[in-house]
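Here's the structure, in structure tokens; my notes come after.
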Amino acid sequence: MTARSPRTPRFPLALDRLQAPARSRVGAAADELLRPQRPLQHAAQAAAQSSTPSGLGLDSAAVRQRMVARLREQGLRCEPVLAALGQVERHRFVDSALATQAYEDTSLPIGLSQTISKPSVVGHMLALLFEGAHARAHGDLGRVLEIGTGCGYQAALLALLARSVVSIERLRGLHDKARANLAHARRGDLRLVFGDGRDGHTLRAPYQSIIAAAGGEELPPAWIDQLDVGGRLVAPLQDATSGGQVLLVVDREPGGLVSRRLDAVNFVPLKSGTA
Ligand code: SAH
């Protein structure tokens with residue numbers, strides 16, 4: 001990752017001057033956001049009668065291992081990330097009516113028009129963080145800043161991979177939901193913050209890893225300010241060239257900032273303020 005290709009321009013650069021994304025994976029990512037559909041809602045009503053998801057429970061570890069095996073077959077090779085994906089019970093982070101779909105490679109609604117990302121996208125982004133200089137030197141993600149807690153699933157994964165995690169959510173309803181979801185599973189040093197993640201969280205800065213689950217027109221300056229030397233940021237960003245979002249990777253090297261634009265992605269928008 002330290003080798004700089006022609007697609008790896010140096011900061012500071014106007015973001016709209018950076019290169020267009022690789023086109024080969026545009027189609028693959030186009031359906032990433034799953035919107036709740038009517039049959040799903042009907043299923044939800046029926047399944048809401050039961051609080052225990054059928055087909056899960058004692059054998060959910062086996063179901064998760066099958067998900068991990070599929071992700072490995074698809075090319076995810078980062079062992080710590082695969083281990084974390086095998087450990088965190090994704091079905092506990094979604095509505096019980098959707099729990100039977102929790103280990104499929106699909107995004108799912110989590111309420112308030114937001115979605116939990118597909119496991120393959122989460123795995124890909126976490127693996128990118130693991131290729132940063134700090135993670136390669138230390139074997140963990142260090143101090144992590146996550147923007148967009150959502151239901152808390154990715155925060156639970158991060159808690160297994162980092163020394164500490166600060167996760168920020170701007171919607172009170174989801175912040176509270178994540179707190180409840182993580183109550184049973186709180187591991188390590190994980191702090192949930194209600195606020196506008198565009199400001200980052202100065203109290204624990206600088207961070208060795210920053211990851212966003214929502215994409216805006218531009219990268220909030222606070223994120224770059226709070227990125228440590230040797231640290232890496234992975235975030236979706238609106239791309240002027242394609243009109244869609246791309247995954248942006250920014251490294252703070254000793255000599256300055258280096259950024260690359262990768263795959264086309266489709267995350268929910270990064271919004272301002274709280275609600
Ligand atoms: N990682 C989450 C994905 C949640 S979707 C999970 O595992 O469930 C992205 C989230 O980003 C949404 O909950 C949305 O409300 C939140 N978000 C959008 N803009 C934000 C901002 N400025 N600050 C904090 N959170 C934000």
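Here are a few things to note about the model shown:
- Extension reserve of the ASP176-ARG163 stretch, reckoned as 0.36 nm per residue once the Cα distance is removed: 2.4 nm
- With all pairs of different C-alpha atoms in the average, the Kirkwood value for the hydrodynamic radius of the range 78-135 is 12.3 Å.
- Debye intensity ratio I(q)/I(0), log10, the range 58-269, q values 0.09, 0.10, 0.14, 0.16 Å⁻¹ (C-alpha model): -0.31, -0.38, -0.79, -1.06
- Under the Karplus curve 6.51 cos²θ - 1.76 cosθ + 1.60, θ = phi - 60°, whole-Hz ³J(HN,Hα) for the range 63-68, x wherever Gly or Pro sits: 4, 5, 5, 5, 4, 5
- Counting only Cβ charges, +1 for Lys and Arg and -1 for Asp and Glu, the dipole size of the range 58-269 around its Cα centre is about 480 debye.
- Computed lengthening from GLU253 to THR241, 0.36 nm per intervening residue step minus Cα-Cα distance: 1.6 nm
- Taking every DSSP beta bridge that has both ends in the range 58-269, the antiparallel portion is near 45%.
- DSSP beta bridge pairing in the range 174-275, given as percent antiparallel to the nearest 5: 70 percent
- Using C-alpha pairs under 8 Å with a sequence gap of at least 6, the mean separation divided by the residue count of the range 58-269 gives a relative contact order of 15 percent.
- As a ratio to 2.2 N^0.38 Å, the alpha-carbon radius of gyration for the range 105-187 is 1.10.
Values in this text are rule-based calculations from the coordinates and carry no lab data. Owing to the predicted nature of the structure, the values given are computational and were not obtained by experimental measurement. Ideal geometry is used to build each Cβ from the backbone, glycine not excepted, and the neighbour counts take in all protein chains shown.
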